[in-house]
Amino acid sequence: MGDEEKEEIEEVFEEPKSTSKPPKSKSLGKIIAAIVAVIIVIAAIAGVWMMSQHGEENKKPVVAPKVLYVAGTSDVTTWDPSYSYSTEAEYLANIYEPLIWANPPGSGKPFGPALATSWEVSSNGLTWTFHLRHNVTFHNGDTLDAQDVIFSIQRTLTTFYTTYEGAGFLWWPVVDNWKTLHVNITAPDDYTVVFHLTYAIPLDRVAAAIYGAWIFSSKLPEGVNESSLHGWFEQGHDLGSGPYTLSDYQTGKKIVLKGYDKYWGGWNDTQYKEVDIDLTTPQPSTQTQKLQAGEIDIAKATDLSAIDNLKKDPKISVYISPSAYNYIGYINIWAYHPELAKQGLDPYPFTHKEVRQAISYGINYQEVLRAGVLGYGRQAKGPVPYGLWPHTADVDSLLKQYNYDIQKAKDLLAAAGYPSSTTDGKPMAEDGSNAWMILRLNYTAENAVEAAYAPVIQKSLADLGIFVKINALEWKTQWSLARQVPADKPADWLTNETFLKKVFGPKQDIFMILWWPSMADGYDNLNSMFADHSYPPLFNLCYWYNSTYDSLLWQAYIKTSTDPSTAKSLYVKAMNLLIDQAPALFLIDVQSVLSMKSNIGGYTPNLYYPRTIFFYQLYYIGE
């Protein structure tokens, strides 16, 4: 899976490096050879044989090892670029390309060319024109043209609205006929595509997204049609134009990517033409040990407790940078508590904003950071991590934030008419028998970070007389339980409190989730988690609705391209409204930690492409 005011500022992304490569070593070799030749001549004249002294200067050109060995953490849920909406995106980003790339934070320009070399937008933000790169071939030998772009986006959008798979929803303002799901994209010539929008959304962000934006060949393999294409992809095939092809895949074991010889960016001898990704050792401690032993080149998961030692090792480089990952805990607005009814209290405590705020003030955030990520992160200010538009540096100072304040939490509970200590005034019993309220906290069993910080939340809220019952559930189970609803609903279900209490009352109180965005824009976080009102719910699992928030958010989104200053101001208002309403616990903005051998150069973190290493950017420095 924004806001702000102040002066208009340009989004911060880093300079693109997808085509940057170190100088070819062949030229360096010629220079060294010439120097050595001069030395030989001088030595002959002086009657001294100096080659024994200077022979080592005639070094061979640096050539990368044949294979780059990577210890991975994520398996693949799909190889279909239209269906992708999970961790496989980090591999697809090396096989496929979008129209444009979002540059890393700090870049002079927010976006850089990929399959489009230039683009422009009309003054009203409704027409976007992209000019395609010439002489690009897909891995099947087909040459890129405008029809491939139209085919890719049409299929991706149709996939979402017919299967609810992938991120085709990002393109919805391009649809001009909802009955047929037709996208309004025209091709004046083979190398120009024009998008005609119904709303002035920032299409550059969509076109550069890590989900739903991959362009693939419209020339299908023999015997494959559009109906069977998904199955063909799932067999481990690809139709990309990126620097690597999918060579081998064994579920849960390994992924092998091989360099595409005809890649439009070209290759040199210092780059890695094969990448072998081992999926059998996802544990950070194991990967770190293998890196220290020289058995792998890159560890995707680093043992955080070993970072200080790794930094002292001259053979290892550790990269620590902001990421797009954000931990939150949804608070179920409609959660029902029969134990409160027995005390003569309102059994729907979280319908009261003061109670949600009290819970937010009752969390020891610094302990959450220490327990969860050993301090490699920062306390979140809302659901948009720092660095992701519109949560830029100037916006950060304008956002509200809860701090650990037990007394304020007690005061808020009292103002809402609820207790703030155990029923007997004693420390919390191990079984919570003296708690005035019992909260059901569900977290993802596969997530070690959530497992580590959930007890901190339990301990913090015990000081308010609240017992937190922690439940570890596999993600599919956790998500399924939170989304289960009756098939029938009233027309006014979104504002029908009786219906909402009946349907969502029995569900969890707190739902822990790690979120990362679908595109280079915090709108996805703010919308998907708090303004999407699908039925059944998708990711708005606090079941919260606020029409003012929804309106501010939408207005900000459609002004981003034409009036970014106003858009930021609207985003600030929306985000502060959200934080004040406290439908979730805003916990951690996670830092990205990646370790690799120090003889590898070219790595640049880019939080807009979570988990992703662009292997084409890497090059071998030499021993």
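Only the coordinates and a few stated rules stand behind these numbers; no lab work does. If you're wondering where the values come from, they're calculated on a predicted model, not measured in any experiment. Here the Cβ positions follow ideal geometry from the backbone for every residue, glycine too, while neighbour counts run over all protein chains shown.
A few points about this structure:
- Distance from the stretch 289-352 to the stretch 126-198 (C-alpha centre basis), Å: 36 Å
- Relative contact order (%) - criterion: Cα under 8 Å, at least six apart; region: the stretch 82-137: 23 percent
- Space enclosed by the convex hull of the alpha-carbon atoms of the stretch 75-155, per residue, Å³: 137 Å³
- Using distinct alpha-carbon pairs, which all enter the 1/r mean, Kirkwood radius of the stretch 179-236 in Å: 14.3 Å
- Beta bridge orientation in the stretch 322-591: antiparallel %, DSSP, nearest 5: 60 percent
- Distance between the 7 Å Cα→Cβ label points at Q147 and H533: 4.3 nm.
- Charge dipole (the chain, unit charges on Cβ, about Cα centre) - positive-most of Y83, A409, V275: V275
- Among the listed pairs K258/K290; K254/K315; K262/K568, those with a Cα-Cα distance over 32 Å are K262/K568.
- Each residue of the chain gets 182 Å³ once the volume of the Cα convex hull is shared out per residue.
- Sorted by Cβ neighbour density within 10 Å, fewest at the top, the residues L570, L514: L514, L570
- Net charge, A299 excluded, C-beta distance under 15 Å - Lys, Arg +1, Asp, Glu -1: -1
- Amide H to amide H distances under 5 Å link I600 with I621, where only residues 5 or more positions off or on other chains count and H is placed in the peptide plane.
- Residue-by-residue Karplus 3J(HN,Hα) for the stretch 213-230, coefficients 6.51, -1.76, 1.60, Hz, glycine and proline x: 10, 6, 9, 9, 5, 8, 8, 7, x, 4, x, 10, 10, 4, 5, 9, 4, 4
- A viscosity of 1.567 mPa s and a temperature of 4 °C, combined with the Kirkwood radius over Cα pairs in Stokes-Einstein, give a translational diffusion coefficient for the stretch 322-591 of 68 µm²/s.
- Cα lying deepest toward the dipole's positive end in the stretch 322-591, options L587, G362, A567, charges on Cβ: G362
- Simple point charges give the picture: +1 on the Cβ of Lys and Arg, -1 on the Cβ of Asp and Glu, and for the chain a dipole about the Cα centre of about 940 debye.
- Separation of the alpha carbons by more than 22 angstrom is noted, of K353/K410; K408/K573; K426/K469, for K408/K573.
- Under 5 Å, built H, 5+ apart or other chain: amide partners of V468: L439
- Within the same chain, aspartates and glutamates fewer than 8 places from K273 are excluded, and of the rest, those with a Cα less than 16 Å from its Cα are D248, D261, D297.
- Over the stretch 494-608, Cα pairs under 8 Å with separation of 6+ residues give a relative contact order of 17 percent.
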